[in-house]
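Enquirer: Below is a structure I'd like to ask you about.
What follows is calculated from the coordinates using simple rules that are stated; it is not laboratory data. The model shown is predicted, which means the values in this text are computed figures rather than measured ones. Ideal geometry is used to build each Cβ from the backbone, glycine not excepted, and the neighbour counts take in all protein chains shown.
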Amino acid sequence: MSYLRASYAKRPYVCGNCGAHILVKDAYFRHEPHPMARRHRAQATRYLCTVCVTGQPAVEFSEVKDPLQQMLPFSEVVANLPSILVQTAIITLGPRTDDGLIVQAVALPWMEIIELIDKDPHFLKQISWRRVEEVIAGAYKQDGWEEVTLTPRSRDGGRDIIAVRRTPCALRVIDQVKAYSPGHRVTADDVRALIGVLSSDLNASKGVVTTTAEFAPGIFEDRSIAPFLPYRLELKNGVQLRRWLLTVAGRS
């Protein structure tokens with residue numbers, strides 16, 4: 001178990017996640033492993049800027065007044081400060097391109113959310129569709145894709161995430177995410193829509209439809225879909241998505 005400790009810097013630090021400079025007297029977080037982990041596994045304390053943990057710059061971050069909330073497991077921080085999970089940045093976004101925003105890194109709360117997904121198979125169905133997209137975009141980055149783009153909330157051209165890998169060979173994957181509630185299935189028309197996008201995007205190597213739910217019966221045998229499987233098109237249901245996230249995070 002690890003802990004987050006809110007504090008004010010007595011000396012300069014560098015954020016262990018995004019590399020930002022934490023100046024003297026700036027608010028920041030200490031990500032502290034359990035004392036026994038520090039002693040026996042040589043795990044070190046990481047220093048994190050407030051943007052990576054709460055999504056807010058240090059100048060807008062208010063000191064936690066209650067000393068009981070200054071060092072808590074992340075799950076308890078969420079329980080005591082319910083807004084933190086909504087405000088927390090789980091991925092660090094960088095420059096804007098024609099397609100969207102570049103994902104520079106995954107933030108500490110991304111790993112904590114993966115831990116919640118590990119404990120509760122239904123957790124992904126309890127968060128917003130945009131947060132699901134951010135979790136998946138972070139997974140591509142964590143999985144070693146060199147350039148990951150999170151597209152705008154609207155006018156995304158049927159592409160929610162674009163992942164590029166240049167070595168050992170150039171690949172460009174477009175992922176359409178369907179964050180559906182239980183019982184809501186991805187239809188054949190939904191999949192055909194991505195095939196249309198895939199056909200018009202000449203640089204795309206492969207299309208992926210990722211859902212937190214399930215696909216409608218018969219999709220894998222559909223004559224307009226089956227010829228694209230599995231090399232040009234991949235269909236990833238909620239069970240496969242959870243397994244992939246846990247694998248990428250090293251939890252399986």
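Enquirer: Which residues' amide hydrogens lie under 5 Å from the amide hydrogen of residue 105, considering only partners 5 or more residues apart or on another chain, with H built in the peptide plane?
Expert: Those lying under 5 Å, H to H, from residue 105 are 92.
Enquirer: Continuing with this model, one more query. In the range 90-252, what percentage of the DSSP-assigned beta bridges are antiparallel, given to the nearest 5?
Expert: Antiparallel bridges: around 55 percent, rounded to the nearest 5.
Enquirer: With a 10 Å Cβ neighbour count serving as the proxy for reagent exposure, in which order, fewest first, do 115, 146 appear?
Expert: 146, 115
Enquirer: Say each of residue 59 and residue 104 gets a label point 7 Å from the Cα, pointing the same way as Cα to Cβ; how far apart are those two points in nm?
Expert: 1.7 nm
Enquirer: Provide the gained length on full extension for the span residue 93 to residue 14, in nm with one decimal, where the gain is 0.36 nm per separating residue minus the Cα-Cα distance.
Expert: Full extension from residue 93 to residue 14 adds 26.7 nm.
Enquirer: Can I ask one more? Fewest Cβ neighbours within 10 Å first, please rank 155, 166 accordingly.
Expert: Final ranking by Cβ density, sparse to dense: 155, 166.
Enquirer: Please report, in debye to the nearest 20, how large the charge dipole of the range 115-171 is about its Cα centre when each Lys and Arg carries +1 at its beta carbon and each Asp and Glu carries -1 there.
Expert: Result for the range 115-171 is approximately 220 debye, rounded to the nearest 20.
Enquirer: What residues qualify as long-range amide H neighbours of residue 22, i.e. H under 5 Å apart, gap of 5 or more or another chain, H built at 1.01 Å from N?
Expert: 13, 14, 15
Enquirer: Continuing with the same structure: Could you calculate the contour length gain from residue 167 to residue 199, that is, 0.36 nm times the residue separation minus the distance between their Cα atoms, to one decimal place in nm?
Expert: Full extension of this stretch gives 9.2 nm more.
Enquirer: For each of 184, 21, count neighbouring Cβ atoms within 10 Å of the residue's Cβ, then give the residues from fewest to most.
Expert: Ranked by crowding around the Cβ, least crowded first: 21, 184.
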